[in-house]
Amino acid sequence: MITPRDRRRPVSRKPIAAFAALLAVVLLIAARELIAPHAAGGDAVRGSAHPAILRRGNGPEPESLDPHGARSESALSILRDLYEGLTELGADGSPILAAADHVDVSEDGTTYRFHLRAARWSNGESVVAEDFAAAWRRLVDPHTAAPYAAILAPVRGAAAILKGAALPATLAVRAEDAQTLVVELERPTRYFLGLLAHPATFPLNRGSLAAHGAAFAKPGVMVSNGPFELTRWDFGSHLAAVRNPRYWNAAATQLDGVEYYSFADGAAELRAFRTGQVDVTATIPAAQIQWIKQHLGADLHVAPQLAVYYLGLNLRKPPFAGSRELRQALALVIDRERIVESVTGAGEAPAYTFVPPITTDYTPPVPDYAAWPMAQRISRARQLLRTAGLEHAPPTIELRYNSGELHNRIAIAVARMWKEALNIDTTLRAEEFKVLLQDIDQGDATVFRASWIGDYDDAYTFLQVLQGGFGINMPRYANPAYDELLRRASEDADPASRRNSLQMAETLMLADQPVIPLYFYVSKHLVDPHVQGWRDNAMDVIYSKSLSKHVAEGSN
């Protein structure tokens, strides 16, 4: 079920008139004078003597604002403010209609006909169906090398295109007319509307892309269709966006602008929050959780999240290529309970599976050893090393992670556990986030810290990450039996049978151990009391357009 943002109603399999939605937009626009367009490259926001600027802590520096090049949550969070897809996530994390006013779904669930709102790009051009169709063809084009290209796998023709066996033009998406986008799926996909809230599926302004090529995603150049438009990017510091007066629902946007501040670690972000540099943090430092609860408890938001923190193992070269016993031994001796109690400490849950247990309609297959006492786990791990011929000559391992106080503490704890239980020495290497991603992609990192945040509420969004050939399969795990189970699940219309295939796939993957799950996240934010409208949800997606900020006289 999906509902529009402005009035909740189910998706109809019959045509639904758009008149009421358009009338609501007209009334909203009439009720509030739109602010003038922002001067290119300027810093001031017009339309208010005391502009309401939301300052968001945003984690590491975003690697790209090309919707087809972005992969980190810091980049995706900004893109959700600058662009708008056919759907977005509501306050409870479930999908609602966004750029589409309504959608008709065929009786067999394989054809979606999206009717677009009367909307404009930030340069004044109309947003049309071909803007979505062209963007999707670019996304699946192997030459684009988009990390999220496989997110469109449910669309008919996508699989062949991703393999290089067909041209992008064969993707089953077409503009029936300027306001109607028709999408044909290989088979019914119950989470399809949810994945369309992901920035990789957002439209692109074709004129801007043609004129600027890869440089289209920069301040002063970017043309976007969301509630905010990018005006500034100071590398290593922050990005700035102002309210887009041409956004179809601009009258409902209560902020005049948003600034996104980059931080390498939670401690620096906490200092920025306490000194008033930011109104909202992306996270909090684990080492100070008790102090925060005591002194900033009223500002603290903690909630379960569809996300997993894990260690990835490089399967392309020794010592992990061809040594499943070593991979399993390392996973066995990590005391996850001690990590979440003594290191993270904010309510995280130990993870023995890749898919979080809060995922809808899914029960993860927890390995038997999760219930064993640690002595039994260590004994089994040492037996595995003997089988692998490594008991007396264990390898030295390098663990890389992005710079940050929490990641450093976790790495130290894991290294100590491996040393005490298996006599394995581990060297630790902290890197800037972009450098870490590059090292992983190039195959230089042996063991690396990583995480996965669900793109929609379904087990498939986690298990697809480790599918052979998937763009963000960082360990480069490739098991034909695993891929076949995922294929079977993607084609199965029976919920129980589909769930069984996914559970079998996860069981197989966990036995192969290309990753070592450590814990399931909770979202952790500090939110200034002047910020209104914050709603925690399992997807941890809060759009800036949903927020407002009380501005005191003479402040911002």
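The values are calculated or read from the model by the stated rules, or taken from the named source; none is laboratory data. In this text, all values refer to a predicted model and were calculated from it rather than measured experimentally. Cβ placement follows ideal geometry from the backbone for every residue including glycine, while neighbour counts extend to all protein chains displayed.
Here L196 qualifies as within 27 Å of T253 (Cα to Cα) and touching a Ser or Thr at 6+ places or on another chain (Cβ under 7 Å). Within the range 441-459, restricting attention to residues that are surrounded by 20 or more Cβ atoms within 10 Å (Cβ to Cβ) and touching a Lys or Arg at 6+ places or on another chain (Cβ under 9 Å), which residue is nearest to L518 (Cα to Cα)? Here the residue is R449. Picking from residues in the range 479-501 that are buried (at least 16 other Cβ atoms within 10 Å of the Cβ) and of a type in the set (G, A, S), the one that is modelled with the lowest pLDDT is S490. Of all residues in the range 165-186, those satisfying the criterion of being modelled with pLDDT of 95 or more and either out of contact with any strand residue (DSSP E or B) (no Cβ under 9 Å at 6 or more places or on another chain) or in a loop (DSSP other than H, G, I, E, B) (or both) are A165, A166, L167, P168, A169, T170, L171, A172, D177, A178, Q179. Taking L466, is it crowded, with 16+ Cβ neighbours inside 10 Å and either over 23 Å from the mean Cα position of the chain (by Cα) or among the aliphatic types (A, V, I, L, M) (or both)? Yes: the conditions hold for L466. Is it the case that T189 is among the β-branched types (V, I, T), under 30 Å from D494 (Cβ atoms) and either surrounded by fewer than 23 Cβ atoms within 10 Å (Cβ to Cβ) or at pLDDT below 95 (or both)? Spelling it out, T189 is indeed among the β-branched types (V, I, T), under 30 Å from D494 (Cβ atoms) and either surrounded by fewer than 23 Cβ atoms within 10 Å (Cβ to Cβ) or at pLDDT below 95 (or both). For the range 266-286, filtering for residues that are touching a His at 6+ places or on another chain (Cβ under 8 Å) and farther than 15 Å from A298 by Cα leaves 2.
Evaluate the following for L270: is it crowded, with 18+ Cβ neighbours inside 10 Å, within 30 Å of S224 (Cα to Cα) and in contact (Cβ under 8 Å) with a residue 24 or more places away in the chain? So L270 does not fit the description; no. Mind checking whether some residue in the range 256-266 is in a loop (DSSP other than H, G, I, E, B), farther than 22 Å from H550 by Cα and hydrophobic (A, V, I, L, M, F, W, C)? Checked the range 256-266: at least one residue is in a loop (DSSP other than H, G, I, E, B), farther than 22 Å from H550 by Cα and hydrophobic (A, V, I, L, M, F, W, C).
Yes/no per residue for (1) in contact with a Phe, Trp or Tyr (Cβ under 7 Å, 6 or more places away or on another chain); (2) within 18 Å of P514 (Cβ to Cβ); (3) buried (at least 17 other Cβ atoms within 10 Å of the Cβ):
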position: G312; (1), (2), (3): yes, yes, yes
position: R316; (1), (2), (3): no, yes, no
position: F320; (1), (2), (3): no, yes, yes
position: L330; (1), (2), (3): yes, yes, yes
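If I filter the range 440-448 for residues that are of a type outside the set (A, V, I, L, M) and under 18 Å from L330 (Cα atoms), do I get at least one hit? Yes. Residues that are in contact with a Phe, Trp or Tyr (Cβ under 6 Å, 6 or more places away or on another chain) and closer than 26 Å to A411 by Cβ within the range 463-505 comprise V465, L466, listed in sequence order. Taking only the range 63-106 into account, find how many residues are among the acidic types (D, E), closer than 21 Å to Y191 by Cβ and modelled with pLDDT under 95. The number of residues fulfilling the criteria is 2.
Contact map, the range 363-377: residues that are under 16 Å from L508 (Cβ atoms) paired with residues that are in a loop (DSSP other than H, G, I, E, B) and modelled with pLDDT of 95 or more, Cβ distance under 7 Å, separation 6+ or inter-chain. Pairs shown: P364/T353; P364/V355; P364/P357; P365/T353; V366/Y352; V366/T353; P367/Y352.
To keep it simple, each residue is scored yes or no on (1) of a type outside the set (V, I, T); (2) in contact (Cβ under 8 Å) with a residue 24 or more places away in the chain.
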{"site": "P285", "(1), (2)": "yes, yes"}
{"site": "K293", "(1), (2)": "yes, no"}
{"site": "V302", "(1), (2)": "no, yes"}
{"site": "L326", "(1), (2)": "yes, yes"}
{"site": "I334", "(1), (2)": "no, yes"}
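Considering only residues in the range 377-419 that are among the β-branched types (V, I, T) and closer than 30 Å to K434 by Cα, the one that is surrounded by the most Cβ atoms within 10 Å (Cβ to Cβ) turns out to be V414. Scanning the range 335-354 for residues that are part of a helix (DSSP H, G or I), among the aliphatic types (A, V, I, L, M) and closer than 23 Å to A381 by Cα yields I339, V340.
Would you point out the residue of the range 104-154, among those that are among the β-branched types (V, I, T) and part of a helix (DSSP H, G or I), that is nearest to D81 (Cα to Cα)? Out of the qualifying residues, it is I151. The criterion of at least 3 residues that are farther than 24 Å from S74 by Cβ is met by the following helices (runs of 4 or more DSSP H) wholly inside the range 438-556: 480-491, 495-512.
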